[in-house]
Amino acid sequence: MENKTSKYFKYAIGEIVLVVIGILIALQINNWNEIQKEKAREQQILNSLREEFKQNINELEFDHKINLACINALKILLNFETSSDFETRTLDSLIGQAYNFATFDPRLGVINDLNSSGNLELIRDTKLRYALNQWTGELSDYQEDIIIRREYWINNYSPLVNKYIPLRNTDIFIDRTDYTRNFRVNTRQVPKSNYIEFLTNLETDGALFDYYLNQSFVTINEENILDFLEKTIVLIEANIQDD
């Protein structure tokens, strides 16, 4: 009787061990499947981030080029010699370029979704995850500077130009491939003395210089953001596993 009981217990224990082993194997398989799903999801996220960052780089480079042209025009205006014979058309062109600035509007759909959903944690590279966490913060200084620039442009620079020179005269020199222009307005002639007074007036000189400084801060931030985007996209691509 004791032998039968002993055999029964051994058999029962063996069955329990097998069941436990089976459960552990099943859990391992399930865990492995979950890990593979997370890795696949991570790859989808990385590919989406790469596309979004590429678009941001392209748009920022385009805007930065326009803003550099604006700064260059402001430099020329600040050093313009009114004593020499000049064409008013030349000044119209420079004022038009100085009047033409761009604002980088970053695409943040993917990164905002990652932050709100908590899926940013699916990215295993800690260095990349840290960089992505810094992305919106990188924009803070830039966003402050573009607000300052726009307010100064509206409240100070633009009204001052309008006192001396018709802004419509600059229209033919503003060429923006990102905007569709169906028509151009005709120019309006004013005495050459208006242009001379515009350039020799101390208030104008101060306004041009302040605008130049504001635009300079914007372009410096653009260069910093561009550097950040390019370094981050290198990290993104290093983690993408191409099939």
- [ ] Give the Cα extents of segment 89-138 along the principal axes, in whole Å, largest first.
- [x] 58, 20, 13
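Between Phe209 and Lys39, what is 0.36 nm times their sequence separation minus the Cα-Cα distance? Round to one decimal in nm.
Going from the current span to full extension adds 55.9 nm.
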Task: Extension reserve of the Leu167-Glu59 stretch, reckoned as 0.36 nm per residue once the Cα distance is removed - done: 36.2 nm
Open item on the list: Give me the extension gain from Arg129 to Ile66: residue separation times 0.36 nm, minus the current Cα-Cα distance, reported in nm with one decimal.
Closed with: 19.5 nm
Open item on the list: For a Förster distance of 25 Å, can you work out the FRET efficiency between the beta-carbons of Ile148 and Ser83, rounded to the nearest 0.05?
Closed with: 0.15
Task: Reach of Lys127 by Cα under 17 Å, taken over aspartates and glutamates that are not fewer than 8 positions away in the same chain - done: Glu42, Glu138, Asp227, Glu230, Glu237
Open item on the list: How far apart, in nanometres, would the label points at Val185 and Leu226 be if each is projected 7 angstrom from Cα along the Cα-to-Cβ direction?
Closed with: 3.2
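Since every read-out is calculated from the coordinates, none of them should be taken as a lab result. These numbers were taken from a predicted model, which means no experiment stands behind them. Neighbour counts run over all protein chains shown; Cβ positions are idealised from the backbone, glycine included.
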